[in-house]
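The values are calculated or read from the model by the stated rules, or taken from the named source; none is laboratory data. Only a predicted model underlies this, so the values are computations on that prediction, with no experimental measurement involved. Cβ atoms come from the backbone with ideal geometry, glycine included; neighbour counts cover every protein chain shown.
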Amino acid sequence: MLCLAAFHPAPSSAREIAPARGGAPLLRGVEHAKRTVVATVVDVGRIDTYGYGATFAVERDLATETPGAGETLRVGWEEMVPFRPARFRKDERVLVALEALPGYSLWRQRFPNGNAFAVAELGTAFLRDPDDASISSLARYLRIDPSEREQAPGIEALAGIVEVAAPPLAEGAATRLGEIPGLGSKLRQPAAAALGAAIENEARQDDLRRTLIRLAAAHRLDGMREWIARVAEAGPPLAGEAWAALLAIDGSLPVETVERLLGSADPGVRAVAVRASVATPQATRALKLARSDPASEVRIAVVETLVSAQSPGSLEVGYAALFDRDPPVRVAAAEAVGKLGAEVVPHLRELALARSGRDANGPLGALAFAGAEGQGVLFELSQTHPDENTRGQARLLLGLDPRKH
């Protein structure tokens, strides 16, 4: 008999592999589930190598808002990670979305009578020990007609989940909001206020608050502006993200605000100020940060924004950034300078010829972005540069074998 342990050695400690988490996929699961229930796990058993089954005692059905009244359900799922403990434990209370069993013969063997459900979203649509706020906010969403879930009623219900539900479920709701087309024109009060309150609530996880700020930026959600503005002024850890969202929503920042933010101790805030300085009197001051700022994200903002916009004096700054101490800055500078096209090719050629090895990578990378003219010079250098390693790097950027002449 084949010993699975020979291929999957047992972990040294049971704590090394935790039970599957579930959580965020629950919201997606309930949208196509046959049942969404709060239940207590009565028993759990392994059926075969990967298959498990359990009996759930239903406490509440969220779709029908009826109590369980002694109803039990058989539920199946798979544990594909060797030695992972079963995701459900006896006497555990769960909120779970259930769908029909897969039609494969293996599942028919596991549940010959077919009187069972599968955990939706490949076994991940569940939340352990659900609190009342998570249950009630999800139940409210389920009561929304499916045709209205991407309209104002559904958006309001999703915002309610974001504001009060357990973090994994709230994250799922934030993700779902981001998938709604035309969200900016559909978001109304009190949904905007609920999302704004979640952003401003320091008791909520920073990852969730950051997701919501980015959502507001991506969809230019003006209705959330006042809450984001307060978070921006509050400082770390979310000030940079919040100022970036305000820039996206408004399209610009007041010149006096840009001036103030350029002096911030928070590099994320300085980077936003750089991006907001284009075509303002503060552009010259921002340009100097490409050489003086200790944070690479600020220097990247300079080359990506001011060099690309061809602000006065920015080209020389871009050339200098090709030799920055941090590789991500050099890469950003190569793209920004190279995309300026044929006009920069002659000087990039000079810079590449004056350098060798890694020091030449910045100019070579910029030539790769500089269109047909840049590619032509890059090919020339791949044949004629006096340094072998530099010739190899040029060939690599052309998609050729760096070892062959």
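Annotations for the structure displayed:
- Residue within region 286-299 that is surrounded by fewer than 20 Cβ atoms within 10 Å (Cβ to Cβ) and closer than 17 Å to G251 by Cβ present: no
- Of the residues in region 170-188, at least one is surrounded by 19 or more Cβ atoms within 10 Å (Cβ to Cβ), under 18 Å from V37 (Cβ atoms), outside the structural domain of L98 (by TED's automatic domain parsing) and not polar (S, T, N, Q).
- Screening R358 on (1) within 38 Å of the chain's Cα centre (by Cα); (2) surrounded by 16 or more Cβ atoms within 10 Å (Cβ to Cβ); (3) closer than 20 Å to P327 by Cβ shows it passes everything except condition (2).
- Looking across L208, L177, one residue alone is under 19 Å from the mean Cα position of the chain (by Cα), part of a helix (DSSP H, G or I), within 21 Å of E121 (Cα to Cα) and of a type outside the set (F, W, Y). It is L177.
- Being touching a residue at least 40 places away in the same chain (Cβ under 8 Å) and closer than 17 Å to E31 by Cβ is a property that does not hold for A157.
- Sub-7 Å Cβ pairs linking a first residue in region 197-208 that is in contact (Cβ under 8 Å) with a residue 24 or more places away in the chain to a second residue that is surrounded by 11 or more Cβ atoms within 10 Å (Cβ to Cβ) and β-branched (V, I, T), at least 6 apart or interchain, are A198/V162; I199/I213; I199/I228; I199/V231; E200/V231, ordered by first then second residue.
- Subset of region 71-86 [of a type outside the set (V, I, T) and at pLDDT 85 or above]: E71, L73, R74, G76, W77, E78, E79, M80, R84, P85, A86
- Taken together, the residues in region 150-172 that are within 20 Å of the chain's Cα centre (by Cα), assigned to a helix (DSSP H, G or I) and not charged (D, E, K, R) amount to 9.
- Residue in region 181-194 that is hydroxyl-bearing (S, T, Y), out of contact with any Pro (no Cβ under 9 Å at 6 or more places or on another chain) and either without any contact (Cβ under 8 Å) to a residue 24 or more places away in the chain or not in a helix (DSSP H, G or I) (or both) present: yes
- Checked against the criterion of being in a loop (DSSP other than H, G, I, E, B), outside the structural domain of S147 (by TED's automatic domain parsing), in contact with a strand residue (DSSP E or B) (Cβ under 6 Å, 6 or more places away or on another chain) and within 17 Å of A116 (Cα to Cα), the candidates A33, A39, A97, A57 yield just one match: A33.
- Filter result for G223 (over 21 Å from A194 (Cα atoms) and either within 20 Å of the chain's Cα centre (by Cα) or assigned by TED's automatic domain parsing to the domain that holds S185 (or both)): no
- Here R87 meets each of (1) surrounded by 15 or more Cβ atoms within 10 Å (Cβ to Cβ); (2) over 21 Å from E121 (Cα atoms); (3) among the basic types (K, R) with one exception, condition (2).
- Scope region 117-149; condition part of a loop (DSSP other than H, G, I, E, B) and surrounded by fewer than 19 Cβ atoms within 10 Å (Cβ to Cβ); matching residues: D129, D131, R143, I144, D145, R149
- Of all residues in region 59-71, those that are closer than 17 Å to L138 by Cβ have Cβ atoms under 9 Å from Cβ atoms of residues that are among the small types (G, A, S) and assigned to a strand (DSSP E or B), 6 or more apart or on another chain, in E59/A39; R60/A39; G68/A39; G68/A57.
- Count of residues meeting criterion [within 36 Å of the chain's Cα centre (by Cα) and within 20 Å of A342 (Cα to Cα)] in region 379-394: 1
- When S311 is tested against (1) more than 31 Å from the chain's Cα centre (by Cα); (2) surrounded by 23 or more Cβ atoms within 10 Å (Cβ to Cβ); (3) among the hydroxyl-bearing types (S, T, Y), only condition (2) is not met.
- Residue that is surrounded by the most Cβ atoms within 10 Å (Cβ to Cβ), among those in region 100-116 that are among the small types (G, A, S) and in a loop (DSSP other than H, G, I, E, B): A116
- Yes/no for L73 being part of a helix (DSSP H, G or I), of a type in the set (A, V, I, L, M) and over 34 Å from the mean Cα position of the chain (by Cα): no
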